[in-house]
Amino acid sequence: MKRALLCALLVVLAGCTIPAADSKTEPGTDRLGWENGYRYDDPVVVDASDGLNASEREAVLSRQMARLERMRNLEFEKSVEMRVVTRASYRRNRTGGSPGGEWNDQVWEGLFLVGEDTTTAEAFNSTLGSSVLGFYRAGSDEVVIVSDRDDPMVDRGTLVHELVHALQDQQFGLDDAPDTQDRQLARNSVVEGEANLLEARYERRCGDEWDCIESAPTGGGVASDVNRGVLLVVLAPYTQGPEFVAEIQRRGGWAAVDDLHREYPASTKQILDPDRYPGETPVDVTVPDRSDGEWQRFDHDPVADTVGPASIHAMFVQNGIGASEVERYSYAHPAATGWTGDSLVPYRNGDRFGYVWETAWESEAEAREFAEAYRRLLESEGAEFRDGGVAVVPDPSPFDDAFRVTREGNRVRVVNAPTVAELPAVHPQ
């Protein structure tokens with residue numbers, strides 16, 4: 001699951017107009033709290049009901065950048081540009097999604113979040129096309145605000161959020177992504193968690209301490225083509241990351257948060273339970289290749305993905321297994337919290353696909369709980385159970401395949417293939 005730093009999923013706010021910053025002049029050399037001639041506490045009068053011209057955008061950006069410098073005690077090293085686009089334009093021009101093609105499709109199918117009736121790239125494109133309010137691309141020095149209005153408005157909160165990403169990129173670099181889903185979510189929990197944390201603190205200063213751009217309703221909402229399971233995984237860094245980053249800051253100040261950017265947490269388990277950071281890391285789970293000559297692993301680096309506990313939570317919650325809708329954003333499903341490691345290896349035989357997914361748990365009881373919840377998940381898809389832990393999910397389910405679920409001690413192994421006869425070819429018992 002490789003993806004860019006994408007969304008500030010907050011309300012879209014109204015924009016502004018601005019006088020020139022002639023009350024104060026910036027010192028001869030740039031310093032914290034000053035940007036492009038604007039100081040963090042300069043008055044800025046804004047009315048962007050008809051959009052922002054170039055000078056107005058510069059003023060909005062400069063004061064927000066100066067304020068973020070003062071809050072974060074870090075300096076913007078380069079100017080940042082801002083562009084505002086309509087959602088229709090964003091969706092027309094959006095490219096990519098979740099790369100990895102058929103390999104990645106097997107990972108998300110293994111999570112019962114993207115079925116065989118679509119692709120992961122299509123699911124990501126439709127979901128993010130409906131949900132993203134702004135984004136920053138590493139190395140671009142440009143933030144883009146996505147507006148649901150035909151006359152695009154500047155969203156104060158989203159602009160702050162994406163400017164934090166620009167500051168992170170300039171100070172620490174954001175162009176290298178980890179190679180597994182779990183590590184990507186853990187890394188994004190730092191990146192997005194810090195941005196959401198600073199955005200919230202910025203908002204709290206508005207009114208009493210700072211003069212801020214007024215908010216306006218957006219009229220936005222969740223579109224019908226959003227894949228709610230994919231969205232639940234993508235949202236984990238935004239909902240869980242802020243408290244994790246806040247806890248690290250409480251322990252060691254902003255210097256400790258700087259260190260997070262230099263060495264990200266090893267798993268979302270540490271994000272969900274900061275007491276496990278930094279000492280407790282996932283166990284190394286490897287899956288031996290026992291396939292016959294016709295079934296082969298993908299030529300993909302890495303050959304296996306690690307999905308982690310946040311995604312396993314999403315798998316069960318999205319499919320209505322053992323958790324209420326109220327618990328949707330807790331990322332603490334009882335059949336996921338005992339996770340210590342996993343490895344999901346996709347396989348192919350021409351245009352036929354399967355996978356082997358082995359998970360490790362803190363105890364036999366935790367492994368048993370996961371296996372039982374997984375079998376209930378198969379039942380929810382109409383599975384017919386046979387001897388040897390074998391189950392068949394029939395058509396018209398988008399997950400109509402054969403499965404073998406076995407537990408040995410604190411390990412659970414799921415083997416998937418199109419038919420029961422092909423299960424031993426992918427991975428014999």
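Within the set of other residues whose C-beta is less than 11 Å from the C-beta of residue 143, count the net charge using Lys and Arg as +1 and Asp and Glu as -1.
Values: positive: 57, 83, 137; negative: 81, 141, 142, 155, 162, 169.
Around residue 143, the surrounding residues sum to -3.
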Exercise. Mind listing the phi-derived Karplus ³J(HN,Hα) values for the stretch 386-401, rounded to whole Hz, using 6.51, -1.76 and 1.60 with θ = phi - 60°, and x for any glycine or proline?
Worked result: 10, 5, x, x, 8, 9, 10, 8, x, 5, x, 4, x, 10, 6, 7
For this session: Compute the long axis of helix 308-318 from its Cα atoms, compare it with the longest principal axis of the Cα atoms of the chain, and write down the angle in degrees, 0 to 90, nearest 10.
Result: 80
Seminar exercise, completed: Given backbone amide H placed at 1.01 Å from N, residues whose amide H is under 5 Å from that of residue 212, ignoring those fewer than 5 places away on the same chain, are 207
For this session: Any chance you could give the angle, 0 to 90 degrees and rounded to 10, that helix 54-72 forms with the longest Cα principal axis of the chain?
Result: 70
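Explain nothing, just the number: relative contact order of the chain, from Cα pairs under 8 Å at least 6 residues apart, as a whole percent. Don't skip to the end; give the middle numbers.
Numbers: 857 pairs, mean separation 62.9, N = 429.
Reported relative contact order: 15 percent.
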Problem set entry | Cut-off under 5 Å, modelled amide H: who pairs with residue 361 long-range | 340
For this session: Could you run the Karplus curve 6.51 cos²θ - 1.76 cosθ + 1.60 with θ = phi - 60° over the stretch 160-173 and give me ³J(HN,Hα) per residue in whole Hz, x for Gly and Pro?
Result: 4, 4, 6, 5, 4, 4, 4, 5, 4, 5, 5, 8, 10, x
For this session: Would you kindly state how much longer the chain becomes between residue 281 and residue 85 on full extension, computed as 0.36 nm times their sequence separation minus their alpha carbon distance, in nm to one decimal?
Result: 66.4 nm
Seminar exercise, completed: The helix 364-380 Cα axis meets the longest alpha-carbon principal axis of the chain at an angle in degrees, between 0 and 90 and rounded to 10, of 90
Seminar exercise, completed: If the chain between residue 102 and residue 289 were fully extended at 0.36 nm per residue, the gain over the current Cα-Cα distance would be 65.4 nm
For this session: Name all residues of the stretch 278-312 having a backbone nitrogen under 20 Å from the label point set 7 Å from the Cα of residue 406 along its Cα→Cβ direction, giving them as ranges.
Result: 285-297
For this session: Consider the candidate values (1) 0.92; (2) 1.07; (3) 1.39; state which one is Cα Rg over 2.2 N^0.38 Å computed from the structure displayed.
Result: (2)
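What net charge is computed for the residues neighbouring residue 334, neighbours being all others with C-beta under 10 Å from the C-beta of residue 334, Lys and Arg scored +1, Asp and Glu -1? The partial results should precede the final answer.
Numbers: positive: none; negative: 327, 366, 369.
With Lys, Arg at +1 and Asp, Glu at -1, the neighbours total -3.
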Exercise. Rounded, prolate or oblate: which fits the stretch 250-346, taking a ≥ b ≥ c as square roots of the Cα gyration tensor eigenvalues, rounded meaning a/c under 1.5, else prolate when a/b beats b/c?
Worked result: oblate
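Throughout, read-outs are computed from the coordinates displayed, never taken from laboratory work. Source: prediction; values computed, not measured. Note that we place each Cβ from the backbone using ideal geometry, even for glycine, and neighbour counts take in every protein chain shown.
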